[in-house]
Amino acid sequence: MTWEVLQSRRFSRAYKKLKKNIQADIDEEVEKIAKDPLLGEQKKGDLAQLRVHKFYSGSQRYLLGYTLEEQPRLIYLEAIGPHENFYRDLKR
């Protein structure tokens, strides 16, 4: 059984700015996460509730940050972007 996926405002704004081929790669990765929500790495410290899935689109490495809510089986897509300043921006 797959999980329902919801986008945060931050994620949707960043997603719209990306090129179509990168958006297609992100859509594929989101489908993988919906089938197996524990795919991403659990973070520690300030971002302990966050899971991060890393993948490549072309030669660029992207990070997809999301949180899980077990009971209604929801995945909240929090942020997407290249590794540069990804965690710093999430803490804001």
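The values are calculated or read from the model by the stated rules, or taken from the named source; none is laboratory data. Keep in mind that this is a model prediction, so the values were computed, not measured. Ideal geometry is used to build each Cβ from the backbone, glycine not excepted, and the neighbour counts take in all protein chains shown. Areas reflect the complete protein model, heavy atoms only, side chains present, ligands, DNA and RNA absent. Shrake-Rupley method; radii C 1.70, N 1.55, O 1.52, S 1.80 Å.
Tabulated data
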{"item": "Relative contact order computed over the stretch 1-62 (Cα-Cα under 8 Å; 6+ residues apart), in percent", "result": "26 percent"}
{"item": "Leu77 accessible area, 1.4 Å probe, all protein chains in place, Å² to nearest 10", "result": "0 Å²"}
{"item": "Paired Rg and Dmax values of the chain, which use every Cα atom, in angstrom", "result": "12.4, 37"}
{"item": "Heavy-atom surface of the chain, accessible at 1.4 Å and reported per residue (Å²)", "result": "66 Å²"}
{"item": "Per-peptide average of other Cβ atoms within 10 Å, ordering 84-91, 41-48 highest first", "result": "84-91, 41-48"}
{"item": "The chain - mean residue ellipticity at 222 nm from DSSP helices (-39,500 (n - 2.57) per run, n ≥ 4, rounded to 500)", "result": "-10000 deg cm²/dmol"}
{"item": "Long pairs among Lys32/Lys54; Lys20/Lys54; Lys54/Lys91; Lys35/Lys91; Lys17/Lys43, criterion Cα-Cα beyond 21 Å", "result": "Lys35/Lys91; Lys17/Lys43"}
